[in-house]
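Asker: Have a look at this one before I ask anything.
The values are calculated or read from the model by the stated rules, or taken from the named source; none is laboratory data. Computed from a predicted model, the values in this text were never measured in an experiment. Quick reminder, even Gly has a Cβ in these numbers, built from the backbone with ideal geometry, and neighbours come from all protein chains shown. SASA here: full protein model, heavy atoms, side chains in, ligands and nucleic acids out. Shrake-Rupley method; radii C 1.70, N 1.55, O 1.52, S 1.80 Å.
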Amino acid sequence: MTRSYIVAARRSAVAPRNGALAALELHDLAAPVVKAVLSDAGVDQNQVSELIVSNGLGAGGNPARLVGLAAGLPHSVAGLSVDRQCCGGLDAVLLADAMIRSGLHEIVVAGGVESYSRRPLRSKTFADGSAPQAYDQAPFTPWPDRDPDMAQAADRLANLLNITQAEQDNWAVASHQKAQAAEAITAKEIVPISGAAHDSFTRRMDQRLCARAPVVYGSVTAANMSVAADAAAFCVIVSERVARFLPSPSIEIVGGATLGGDPALPGLAPVAAIRASLDAAGLTPQDLDLAEIMEAFAVQAIACQRGAHINEAIVNMTGGSLARGHPIGASGAILAVRLYHALATTDGTGLAAIAAAGGIGTSLIVKSPCVGL
């Protein structure tokens with residue numbers, strides 16, 4: 001069984017909904033990133049044999065096919081669309097890893113794209129002929145009384161683990177501060193699209209602004225939860241044989257896991273996935289040099305960092321999604337992009353982890369440098 005490697009990774013800027021990327025259809029947002037990441041990797045479009053695209057809010061169909069055609073990939077690339085909501089972008093990378101390890105493919109582009117701004121209107125129809133009922137969020141469990149609003153679930157998690165609003169606000173302030181300090185670094189990840197060349201939501205956040213933020217539910221406020229956003233992010237993942245001949249830096253995918261947990265506490269789900277990934281790789285949290293943990297809610301990131309016993313100093317060192325925004329289907333892929341750029345020229349081991357509604361968690365472990373391939 002061959003090993004797999006990420007040989008290039010890029011993303012768009014993350015723009016809050018109805019912002020700089022609002023006019024773009026999904027394929028118009030994703031295609032420039034796919035083209036750029038293939039160019040970085042030194043891979044011709046005709047060499048790609050599969051494209052995996054995560055999308056959580058689109059109109060169904062097969063967005064991956066649209067993205068592939070718009071990006072100029074061969075017609076033979078059918079495209080595979082996945083929807084595991086927030087986890088989908090990381091799951092796309094893990095699917096590519098599995099395809100390559102199995103020998104099914106040797107060059108796969110994997111990632112995600114989301115447009116909160118252009119998401120379709122949804123309505124539920126009824127067998128009795130009643131008028132359709134509009135809805136914005138699909139159910140994540142078959143039990144309405146056990147399918148909490150995400151902000152309510154985050155507040156419940158805070159109460160369960162005694163994580164105060166002050167702690168959540170402090171995490172959010174630090175996320176913005178780190179992102180501001182790293183703007184020159186993260187600019188290398190970004191493919192400028194429609195004039196958007198940086199993450200526009202990053203700001204000078206402080207406790208005064210946190211105190212003025214509207215309360216969403218309990219201890220969860222507009223300051224310590226991520227804003228809805230638009231973005232795309234993709235990685236080129238190849239076999240060991242192909243990686244030997246490419247000029248771009250390679251980082252090895254060591255492993256990963258996706259596991260389900262309690263639907264009422266989705267923010268805790270990544271903890272089990274992180275532990276499973278580390279155990280399978282024969283690693284401990286102390287072996288990690290950096291970690292990208294999704295900040296859909298500050299309390300979620302805190303709970304995962306503490307629950308998995310990861311050193312807080314290595315978590316989201318260049319800022320997290322609290323300072324960027326949360327483009328559902330692309331968020332996990334953005335974590336992978338950030339790991340690639342952090343490790344492409346540095347010796348180390350990195351982890352990405354993300355939670356999704358319904359009580360799902362995904363983690364990914366990568367390492368570098370990959371020399372002597």
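Asker: Out of Thr221, Thr258, Thr164, report the one residue that is in contact with a Ser or Thr (Cβ under 6 Å, 6 or more places away or on another chain) and either open to solvent by less than 70 Å² (accessible area, probe 1.4 Å) or modelled with pLDDT of 95 or more (or both).
Answerer: Every option except Thr258 fails the conditions.
Asker: Here's another thing I want to ask about it. Mind checking which residues of the range 1-58 are in a loop (DSSP other than H, G, I, E, B), closer than 30 Å to Val227 by Cα, open to solvent by less than 10 Å² (accessible area, probe 1.4 Å) and of a type in the set (A, V, I, L, M)?
Answerer: Ala13, Val14, Leu21
Asker: Still on this model: Picking from Leu290, Leu246, Leu283, which residue would you name as being of a type in the set (A, V, I, L, M), modelled with pLDDT of 95 or more and either under 28 Å from Ala13 (Cα atoms) or open to solvent by less than 20 Å² (accessible area, probe 1.4 Å) (or both)? Walk me through it before giving the result.
Answerer: On the way: Leu246 fails: modelled with pLDDT of 95 or more; Leu283 fails: either under 28 Å from Ala13 (Cα atoms) or open to solvent by less than 20 Å² (accessible area, probe 1.4 Å) (or both).
Among Leu290, Leu246, Leu283, only Leu290 is of a type in the set (A, V, I, L, M), modelled with pLDDT of 95 or more and either under 28 Å from Ala13 (Cα atoms) or open to solvent by less than 20 Å² (accessible area, probe 1.4 Å) (or both).
Asker: Given the criterion within 26 Å of Pro270 (Cβ to Cβ), at pLDDT 90 or above and touching an Asp or Glu at 6+ places or on another chain (Cβ under 8 Å), identify the matching residue among Val113, Val173.
Answerer: Details: Val113 fails: touching an Asp or Glu at 6+ places or on another chain (Cβ under 8 Å).
Being within 26 Å of Pro270 (Cβ to Cβ), at pLDDT 90 or above and touching an Asp or Glu at 6+ places or on another chain (Cβ under 8 Å) holds for just one of Val113, Val173, which is Val173.
Asker: Quick test for you: out of Ile163, Ile185, pick the one residue that is within 23 Å of Val37 (Cβ to Cβ) and of a type outside the set (Phe, Trp, Tyr).
Answerer: Details: Ile163 fails: within 23 Å of Val37 (Cβ to Cβ).
Criteria check complete, one pass: Ile185.
Asker: Another question, then. Please determine, by comparing only the residues of the range 141-156 that are in a helix (DSSP H, G or I) and over 12 Å from Tyr217 (Cα atoms), which one is most open to solvent (accessible area, probe 1.4 Å).
Answerer: Asp145
Asker: Name the single residue that is nearest to Asp262 (Cα to Cα) among those in the range 326-373 being open to solvent by 10 Å² or more (accessible area, probe 1.4 Å) and of a type in the set (Val, Ile, Thr).
Answerer: Among residues in the range 326-373 that are open to solvent by 10 Å² or more (accessible area, probe 1.4 Å) and of a type in the set (Val, Ile, Thr), the one nearest to Asp262 (Cα to Cα) is Ile360.
Asker: For the range 75-132, which strands (runs of 3 or more DSSP E) that fit wholly inside it have 2 or more residues that are closer than 19 Å to Leu26 by Cα and touching a Pro at 6+ places or on another chain (Cβ under 8 Å)?
Answerer: Passing ranges, in order: 107-115.
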